């Protein structure tokens, strides 16, 4: 089972521009619950990403690390420089756009996953590697959710897992859990690479969400 958190889950309560602080909070609180992580850094903070030795070693020890790319083409040079300076191990890059610079494609092209958003699913279907975002798909209705997944199942390499409540994406399943069993069974989450991607108000709320999801997916509260 590959199960992890996006650093975006922490953005409401960990405000340090150096995302090393978020990695620390994640490592100290979720090391027994996750074996994957998705790094998310705003473009203005890329130059502030200075990892401590213990956090760098922890990231290297994880089973899976992805990095969420930014929406501007000129940001790729900054991301590339940050990766080289920090010597990060990146298994996959998640992307919203398809105007990726040639230099980035040449080095990382086979690791780039295109994420479905609420309104760009046609061009996503043309891509060979997809990150399937559950809440973005649910935004377009349950029928779309089912059809999109079945049509692209063999191309889906990672799942972004969060709820959609009242047409608002990235909500918590503990706030409205009724749909989760269906999602879990339909997507067979235990066999997927799952990155939790919801916006929590505080650490305790995120802990509750992680325990709920881990138990539901794996059927146990034992460590990963």
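At-a-glance table
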| quantity | calculated |
| --- | --- |
| Test for residue 148: is it touching a helix residue (DSSP H, G or I) at 6+ places or on another chain (Cβ under 8 Å), at pLDDT 95 or above and within 21 Å of residue 170 (Cβ to Cβ) | no |
| Strands (runs of 3 or more DSSP E) (entirely within segment 84-199) containing at least 2 residues that are within 24 Å of residue 72 (Cβ to Cβ), touching a residue at least 12 places away in the same chain (Cβ under 8 Å) and under 18 Å from the mean Cα position of the chain (by Cα) | 92-95, 112-115, 130-133, 156-161, 168-171 |
| Residue 125 touching a helix residue (DSSP H, G or I) at 6+ places or on another chain (Cβ under 7 Å) and surrounded by fewer than 16 Cβ atoms within 10 Å (Cβ to Cβ) | yes |
| Hits in segment 20-40 (condition: in a loop (DSSP other than H, G, I, E, B), free of Cβ contacts under 8 Å to residues at least 40 places away in the same chain and more than 15 Å from the chain's Cα centre (by Cα)) | 31 |
| Tally of residues being out of contact with any strand residue (DSSP E or B) (no Cβ under 9 Å at 6 or more places or on another chain), surrounded by fewer than 20 Cβ atoms within 10 Å (Cβ to Cβ) and farther than 20 Å from residue 64 by Cα across segment 185-206 | 7 |
| Lone unmet requirement of (1) surrounded by fewer than 18 Cβ atoms within 10 Å (Cβ to Cβ); (2) modelled with pLDDT of 95 or more; (3) more than 21 Å from residue 98 (Cβ to Cβ) for residue 167 | (2) |
| Flag if residue 217 is assigned to a helix (DSSP H, G or I), in contact with a strand residue (DSSP E or B) (Cβ under 8 Å, 6 or more places away or on another chain) and under 19 Å from residue 33 (Cα atoms) | yes |
| Top-ranked residue of segment 66-90 - restricted to ones that are surrounded by fewer than 18 Cβ atoms within 10 Å (Cβ to Cβ) and touching a strand residue (DSSP E or B) at 6+ places or on another chain (Cβ under 8 Å), ranked as modelled with the highest pLDDT | 90 |
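The values are calculated or read from the model by the stated rules, or taken from the named source; none is laboratory data. All figures in this text were calculated on a predicted structure; none of them were measured in a lab. Here Cβ is always computed from backbone atoms with ideal geometry, including for glycine, and neighbour counts include all displayed protein chains.
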